[in-house]
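Worksheet for the structure shown next.
The values are calculated or read from the model by the stated rules, or taken from the named source; none is laboratory data. Bear in mind the structure is a predicted one, so any value in this text is a computation, not a measurement. Cβ sites come from the backbone with ideal geometry, for glycine too, and all protein chains shown count toward neighbours.
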Amino acid sequence: MNLTTVKNALETILNSSQEFGIEEVDFIKSLGRVLKEDVIADCDLPPFNRVSMDGIAIAEAAFNSGQRTFKIEGVQAAGSPQLTLKNNNNCLEAMTGAMLPDGCDVVIQYELLTIEHGEATVNLETVRNFQNIHKKGLDRSKGAVLIKKNTLISSAEIGVLATVGKSKVKVAKQPKVMIVSTGNELVEVDQIPEKHQIRRSNVYTLVSLLERLHIKAETAHILDDKQVLETKIEAFLNEYDVLIFSGAVSKGKFDFIPEVLDDLGVEKLFHKVQQRPGKPFWFGKKICAERSRSSKTVFAFPGNPVSTFVNCLKYFYPWYQKSVGLNFENTQQAILSEDFYFKPNLTYFLQVKLSQHEGKIYATPSAGKGSGDLANLVDADAFLELPDDRTDFAKGEVFPVILYR
Ligand SMILES: Nc1nc2c(c(=O)[nH]1)N[C@H]1C(S)=C(S)[C@@H](COP(=O)(O)OP(=O)(O)OC[C@H]3O[C@@H](n4cnc5c(N)ncnc54)[C@H](O)[C@@H]3O)O[C@H]1N2
Ligand code: MOO
Ligand SMILES: [Mg+2]
């Protein structure tokens, strides 16, 4: 049997990544999306010399000439236009966030003052020019690139978008995704299964995995009926950019997905990967004739829950990340905390529990009872990727790790 290596499978998948265009969204809805324009400072940051302590604003020259008591001329509040110190020997009370009054270059906080009869006396030997003043343009200058194109928007970026007045922002369009489960044995979550049935769980795992990427996928369930599968999948291929299947890709009498996809003109790029779990993974693409640049991508994951889970993380995630312009290299690694043995000539995605010790991340095997044991996923945190070229993995060795928490 001809198995594709994990490396080749991933390479094929990354080579078939595609862009889905750009759209403009309200900045507050852009969390988790990928920015498709540079965000520029529309003014200096801060935009004016900003008082950073509540107190009084004075002229340094007056202080340096020996003066310690200053008559209060008025109050410079935040949100009020800039005042001017009329007499250089006086002061203005000035609040945090206010413009530094014209003629002042030092702010002294209330804690270091005594105020009596409209005069402030300073209990200090020296002052520093521009003390307690956040200087105009100190953080960034007008015109500076504050956020680069292709940045994943987090709460930090949301604040910056707001501050430069980007109420609408250009982001990568998300692919339209349909997640399909198959199988006569599956019933809905709110149903009581018969003795021969189980509840349908994989689609919900997949929906939630895609939600972490801020993709809102739709779902469907199709029984093991080739004709029905053909009709429904044909319609889905017309409507969606990506189809993700779970189940019916192995050798069973009712594992119709590969032949149905073939009948519908989806080109198989590989079927079966040299890995466990998730070996019968089928991946393909359909080029749409009428819009030649657009194509449909099909991830048909094996039905066992752990297979579906790990394959979505290992293959769909980087495909999506590359498609929208994000860095997709998984550089995370962990140290195996005990010896492990795995005989088959397959890349093994070992379920592990992670822990930290002296700044290092350790992975303790929590292998579970095979790819049907989805309960074990709750006890683990990640998959440690053990290469297919050997059987013994020693305590202390470092391997790539795919986290899901
Ligand atoms: N003769 C062989 N049999 C099998 C092989 C093989 O190489 N030769 N491979 C095994 C491996 S490995 C896997 S993985 C599974 C893959 O099976 P399918 O992709 O064909 O999936 P199904 O047969 O439909 O289901 C397998 C298993 O998963 C359960 N399942 C399916 N969908 C869901 C869902 N949405 N939620 C929860 N559970 C689901 C299903 O009930 C089955 O128990 O094939 C092996 N067999
Ligand atoms: O690929 Mo299967 O997932 O080993 O059970
Ligand atoms: Mg099967």
### Task
Go through the stretch 166-230 and tell me which strands (runs of 3 or more DSSP E), entirely inside it, have 2 or more residues that are farther than 25 Å from Val310 by Cβ and more than 10 Å from ligand 1 (Cβ to nearest atom).
168-172
### Query
What number of residues in the stretch 57-89 are surrounded by 19 or more Cβ atoms within 10 Å (Cβ to Cβ), among the hydrophobic types (A, V, I, L, M, F, W, C) and over 15 Å from Val122 (Cα atoms)?
2
### Query
How many residues are over 21 Å from Pro46 (Cβ atoms) and either modelled with pLDDT under 95 or not aromatic (Phe, Trp, Tyr) (or both) if we restrict to the stretch 89-126?
19
### Message
If Ser250 meets every condition in (1) within 16 Å of ligand 2 (Cβ to nearest atom); (2) buried (at least 20 other Cβ atoms within 10 Å of the Cβ) apart from one, which number is that one?
### Response
(2)
### Task
Within the stretch 127-157, count every residue that is among the hydrophobic types (A, V, I, L, M, F, W, C), exposed (fewer than 15 other Cβ atoms within 10 Å of the Cβ) and not in a loop (DSSP other than H, G, I, E, B).
2
### Message
I need a count of the residues in the stretch 235-247 that are surrounded by fewer than 14 Cβ atoms within 10 Å (Cβ to Cβ) and either over 30 Å from Arg33 (Cβ atoms) or within 16 Å of ligand 3 (Cβ to nearest atom) (or both).
### Response
0
### Task
Could you check, for the stretch 208-215, whether at least one of its residues is farther than 24 Å from Ala382 by Cβ and either within 16 Å of ligand 3 (Cβ to nearest atom) or touching a residue at least 60 places away in the same chain (Cβ under 8 Å) (or both)?
no
### Query
How about the stretch 90-108: which of its residues are loosely packed, with under 15 Cβ neighbours inside 10 Å and at negative phi?
Asp102
### Query
Going through the stretch 298-314 one residue at a time, which ones are more than 12 Å from ligand 3 (Cβ to nearest atom) and in a helix (DSSP H, G or I)?
Pro305, Val306, Thr308, Phe309, Val310, Asn311, Cys312, Leu313, Lys314
### Task
Would you point out the residue of the stretch 363-375, among those that are in contact with a Leu (Cβ under 7 Å, 6 or more places away or on another chain) and not in a loop (DSSP other than H, G, I, E, B), that is nearest to Lys279 (Cα to Cα)?
Pro365
### Query
Under 6 Å by Cβ, and 6 or more places apart or on different chains, what pairs join a residue from the stretch 362-378 that is farther than 16 Å from Phe340 by Cβ with one that is in a loop (DSSP other than H, G, I, E, B)?
Ser371/Pro277; Ser371/Asn304; Gly372/Asn304
### Message
Among the residues that make up the stretch 349-365, is at least one of them loosely packed, with under 11 Cβ neighbours inside 10 Å and among the polar types (S, T, N, Q)?
### Response
yes
